[in-house]
Amino acid sequence: MRSRITEMLFGSAINPFQPETRKKLALYAMLAWVGLGADALSSSCYGPEEAFLALGTHSQLSFVIAIMTVLTVFIIAAGYSQVIELFPNGGGGYKVASQLLHPYAGLVAGSALIVDYVLTIAISIASGTDAIFSFLPLAWHPYKLYVAVLGVLLLMGLNLRGMKEAIYVLMPIFLGFFISHLALILYGVIAHSGGLLVVIPHAIAETHALAGMVGWMGVLGILLHAYSLGSGTYTGLESVSNNANQLEEPREKTGKRTMLYMALSLSLMAGGIILLYLLWDVVPLPGKTLNASVFASILGDSWLGHLTLVIVLQLEAGLLLVAANAGFMAGPAVLANMAADNWLPNRFRHLSNRLVVQNGVVLYGVAALIILYFTQGAVSLLVVLYSINVFMTFSLSLLGVAVYWGKHQALPTWRRHLALSLFACLITTSILLVTLYYKFMSGGWATLLITSSVISVALVIRYHYDYLAKKIASMEALLVPPLGEVGVAPLAINPNDPTAIIFVNNKSIGMHTLLSVKRLFPHQFKNFVFIAVGAVDTRCFQGQQEFDAMQAHFNNMLDYLVRYCQAYQIPAESYVGFGTDPMLELKALADKVGAKYPHAIFFASRLIFAKENLVKWILHNHTPQAMQDYLHEQGRELMILPMRV
C-alpha cells in the first residue's frame, strides 16, 4: 500500500542502468532555457523595480540604468559561457573556484550558492505571491505568507517526481509569461515612441543639472546605488553552468545556446520594463508592484484591459513559481558536488529511485520555508540577502576563469578570453562591494552571517571525513596485503555448509570483518560470501566513464576478498548490486544469498568513534543496524562487529 501511494505521488522508479536513461533525462536547449533560465528571466519581475525605486526623484537616470543592465547581462552571460566550456560536466561556480583558485575558494563559492538557491526559492515565491495579491483587495494581504508556503510545498512535490517532469508541467506558464510580457513591452514602447525622442535629451539634461548640484561623483554614486540594488536582475545566469551535466550532448554547445537564449530574453525583459517605467511615468502604489501599475496603464480601464491584466499578473506569478523551481533543480546539484568532495554529509550525493537528489530537495524546501517565515516574505529584504551571495559567487567564478586564461597563454584566444573574464569580474565585484556598502546594515550582515555559518559547518564536516580517511588508509596498509596470482584451483562451495555472509562497502573494512569472524569463530564457517552494493549517486551518474569506474571499483574490491580466501583454500564467492537505493539492493541480495545458504549468519562492521555525538550520527549512514532489523524480522541473524577508529 505504501509503495503504491509513493509511486502515485512521485512516479515509478527509473532504471539508471538502461543506456537510454541518461539521454531521456537530458535537457535540450529549449527545456534548459525554461527550467534553468526561468530563474534569470523572473528577476525582471523585481530587479528593475528595485533599481527604479532607488533612483527616487531622479527617475530620468533610469534610461542609463536600462543600458547598463543590458550590457551587464551579456557580459556576465559571456563569462559563464566560458565556465560551461571549461566545465561541461557541471559544478559551475563551485568547481571553477575549487579547481582554478583553491578548495577553500570553492568552499566559499559553494556555500554562497547553497544560501543563494534557498533565497532563489524564497524570493521567487514571495515575489510571485506579491504579483497575485496585486489584483486582490488589501484586506486579503495577511494571507500572502500562507500562499507562499503552499507554493514551496507544491514545488517540492513536483521536483521529487523528477526534473524533466517539473519542467514539462511549468513550460506553458513560462512561454505564456514571455509572450505576454514581450507583447506589452513592444506595445508600450511603440505607443510612446514619441517619448523616446524626449527621454534621451531629458536624461542628459537632468544628469548635467544633478552633476551641478552634487558633482559627477555624486551622480555616479546615485547610479551605482540603483544599479547595485537592481542586481537581482542578473541572478540566475549561473544556473546553466551549475547544471551542465543535465544538458543534452554535446553539453558545451547546448549550454552556450541556452546562455544565449537567457541573455537575449533577460536583457529584453529587464531593459524593456525599466524603459516602460520611464515612458509611462509609473509611481509606486500601496499593495501593487510597479509591473502591475505600468501594465494597468498600458491596458487601460476597460473590462478587457482588467481581465488581461489579471491574466498577465497570474502568468508573472506563475513564472516566479517556475523560477523558484530552478532553485530546487540547481541547489541540490551544488549540495551533491560539495558532498562528493566531503564538505557536506555524503547522503546529499544519493539519488532517489526517480534519479533526483531527494535529500537536497527536501532540505531546500524546509530552508526556504524558514526564510519566508523570518522575513515574512518581504521582497525588498530578500533581494538584499539574495544579490550579495550571487555576486560573491559570480566574482570568484570569473576570477577563476581569468586565472585559467592567464596560465594558458599558449592558446590562441587567451587574450580575448582573459580580457572578457577580467572585465566581467570587475563588474560583478563592484556590484558586490557597492551592495555591501549600502545595504550592510539593512540585512547584508545577515546573509554574510548565514553564509559564514555554512562555511564553518562544512569545515567541521571536511575535517571529520579527512580524519576518517587517514585512519582507514593506515588500516589498509596493515589489513590488505598485496595478492599475486592464486596458485591453486578454488574449492567448490557446498551451500549446505555453515557460511559467513559479509556485507562489504570498503576493502579495509571488509578485511577487518573477515579476519574478525575467523578469529572469533575459528573453523566454524566453511564458506565465505561477500555482498556489496554500489550507490548510483550524482557523481557516477554524470557520464558513462564515471559509471563504469564505480562498477569497476566494486568488482575489484570483491575480487580481492574472494582471491584472498582462495589463497588460503577457503571456498568463497561474491555478489554485487548497483542502484540508487543501497538499502533496497542490499535487502534483495540478502534475500537471494540467504535462500541459497540456509545455514548462514550475516556479518557487518560498524565504525566506532572514541566520542559519539550527533554530528557523527548525521555524517554516517546506519546501514548495519537497519539491515540487522530487517534480517531479524526474516528470522535470520546479523552480527555487527565494532571497528574502532
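Laboratory data are not the source of any read-out in this text; all were calculated from the coordinates shown. Note that this is a predicted model, so its numbers are computed, not measured. Virtual Cβ from ideal backbone geometry, glycine too; neighbours counted across all protein chains shown.
Quick notes
- R0 of 30 Å, Cβ-Cβ distance GLN99-SER456: FRET efficiency to nearest 0.05: 0.85
- The alpha carbon gyration tensor of the range 415-468 gives principal lengths a ≥ b ≥ c with a/c of 1.5 or higher and a/b no greater than b/c, which makes the shape oblate.
- At an R0 of 45 angstrom, the distance between the Cβ atoms of VAL362 and ASN496 translates into a FRET efficiency of 0.45.
- Sequence ranges 264-273, 420-429, ranked by mean other-Cβ count within 10 angstrom, highest first: 264-273, 420-429
- Label-to-label distance, nm, for residues given as LYS253 and TYR463 (7 Å Cα→Cβ offset): 4.9
- Pairs beyond 32 Å (Cα-Cα), from LYS253/LYS587; LYS288/LYS439; LYS470/LYS592; LYS507/LYS611; LYS256/LYS587; LYS518/LYS611: LYS253/LYS587; LYS470/LYS592; LYS256/LYS587
- Within the range 91-105, backbone nitrogen closer than 17 Å to the virtual label 7 Å beyond the Cα of ALA473 toward Cβ: 103
- Cα gyration tensor shape for the range 553-605, rounded if a/c is under 1.5, else prolate or oblate: oblate
- Among 368-381, 626-639, 106-119, 287-300, the order from most to least packed when residues are scored by Cβ within 10 Å on average: 106-119, 287-300, 368-381, 626-639
- With the simple spin-label model, which puts each label point 7 Å out from Cα in the Cβ direction, the LYS407 to GLN551 separation comes to 3.4 nm.
- Reported to the nearest whole Å, the Cα centre-to-centre distance from the range 362-394 to the range 27-46 is 19.
- Were the residues from LEU145 through LYS611 laid out at 0.36 nm apart, the gain over their Cα-Cα distance would be 163.5 nm.
- Taking Cβ atoms as reference points and 11 Å as the exclusive limit, the residues near SER228 contribute a net charge of 0, counting Lys and Arg as +1 and Asp and Glu as -1.
- Computed E for TYR187/ALA419 - FRET, C-beta separation, R0 51 angstrom, nearest 0.05: 0.85
- With each label modelled as a point 7 angstrom along the Cα→C-beta vector, the ASP559-GLN634 pair spans 2.8 nm.
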